[in-house]
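Read the structure below first, then the notes.
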Amino acid sequence: MIFAKYVFLLLLFVLVYVGFRALLQLFIRQRKSRFRLYYVRNATFSARLTAYLETRGWISKHIKELLEAVESKISMQVMLTISLVGLLFGLLAGGLFFQSIKGALMMTMIGASIPYLLLRVKLVSVRLRTRLEFLPAVEVFYQSYLIDPNQNIKIALKYCIEENRILYPIKPVFEQLYRHLMTQRDTEESLRIFSLSLGHIWADYFTGIMRVALKEGSFVGDSLKELITDMRKAQRFDQIERNRLLEIRIANFTPIGFMVLFMWINFKVNGDNAYLYYVIDPAGRNMILDALLLIFVSFLMGIYLSMRRM
């Protein structure tokens, strides 16, 4: 049994070593490729893998839209590399500390999914910041739309942005929509990223109105006026939902705080016994693993509830 454990750890170490060495070589090749021609840069393994995922996988398309929704400077290629590093680090930590297949699998899953979860958390933060500013922004857009003699959606957006009538923090979201529409990007994709950035039902209604105006060229002033009226009626309820979202976000981090506080008290009272139980004893390590798993699941549920509350 002991021999099998050491063989497992040796194989795990070799696997992680090979993985980190491949990632290091990948970073070196990426660094060198910046000074080469365009076709040489695209010949790297990570670039080819990213291009393959972008053309074949809906997951990569979803992550790419998330990156654009939060206006992240990280590319899809960097996101993939960070996920691979997290996967290898989780595999190494789970295998060396917990010394079990369960620990290796759970830590690998957590390490690989952390970049995506952080991206989701940032998206929730963007939605919380822009939630209360959406109604004033729609009112300004409605006024610009009525003033324009041609009732053109793109021109109305241009007036709102250039005259600084839409204020921060929601202004970058409308600027992004205007850039996408003016650069001849696919209309449906541009509206989807805009709705994803805001993430509430009023944004979906507004996006639907914009879609009709852009694709059919119809007058949507009455629809915008009706939307503004409904949003004003629901403004108080919207503030209550915002407070609930803040409560959910606070509750996401309380299990981590309680776990750290509990372990700190145990090490403070009797450090030797705490070390023997939490580090040496397999039952103690398994308890920490279960606690991390429960914290991870609660974090997922918190993000899910935050998205549903929008």
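Data table
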| quantity | calculated |
| --- | --- |
| Linear extension gain, Ile201 paired with Lys73, 0.36 nm per residue minus alpha-carbon span | 43.3 nm |
| Sequence ranges 63-75, 126-138, 261-273, ranked by mean other-Cβ count within 10 angstrom, highest first | 126-138, 63-75, 261-273 |
| Hull volume in cubic angstrom per residue (convex hull over the Cα atoms of the stretch 174-222) | 73 |
| Partners for Lys158 among aspartates and glutamates (Cα-Cα distance below 12 Å; same-chain residues under 8 apart left out) | Asp148, Glu175 |
| Distance between modelled label sites at Glu175 and Met263, nm, 7 Å Cα→Cβ extension | 4.2 |
| Farthest toward positive dipole pole in the stretch 102-197 [+1 Lys/Arg, -1 Asp/Glu at C-beta], among Ala112, Pro136, Ser125 | Ala112 |
| FRET efficiency for Ala291 and Met182, using Cβ-Cβ distance with R0 set to 41 Å, rounded to 0.05 | 0.20 |
| FRET efficiency for Glu162 and Ile280, using Cβ-Cβ distance with R0 set to 51 Å, rounded to 0.05 | 0.20 |
| Förster radius 25 Å - calculated FRET efficiency between Leu300 and Lys61, Cβ distance, rounded to 0.05 | 0.70 |
| Heavy-atom SASA rank of Leu167, Leu293, Leu91 (probe 1.4 Å, accessible area, largest first) | Leu167, Leu293, Leu91 |
| Listed residues Arg179, Arg211 arranged by accessible area, highest first, probe 1.4 Å | Arg179, Arg211 |
| In sequence order, calculated HN-Hα J values of the stretch 139-155 (Karplus, 6.51, -1.76, 1.60; Hz; x Gly/Pro) | 5, 5, 5, 4, 5, 5, 5, 6, 5, 5, x, 8, 6, 9, 4, 5, 5 |
| By average C-beta atoms within 10 angstrom, highest first, the peptides 190-197, 150-157 | 190-197, 150-157 |
| Lys171, Lys233, Lys102, reordered so the largest accessible area comes first (probe 1.4 Å) | Lys233, Lys102, Lys171 |
| With DNA, RNA and ligands ignored, accessible area of Ile170 (1.4 Å probe; Å², nearest 10) | 0 |
| With all protein chains modelled, accessible area of Glu162 [1.4 Å, Å²] | 120 |
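The values are calculated or read from the model by the stated rules, or taken from the named source; none is laboratory data. Computed from a predicted model, the values in this text were never measured in an experiment. For neighbour counting, all protein chains shown are included, and Cβ atoms are generated from backbone atoms with ideal geometry for every residue, glycine included. In case anyone asks, the SASA skips ligands and DNA or RNA and just uses the protein heavy atoms, side chains included. Shrake-Rupley method; radii C 1.70, N 1.55, O 1.52, S 1.80 Å.
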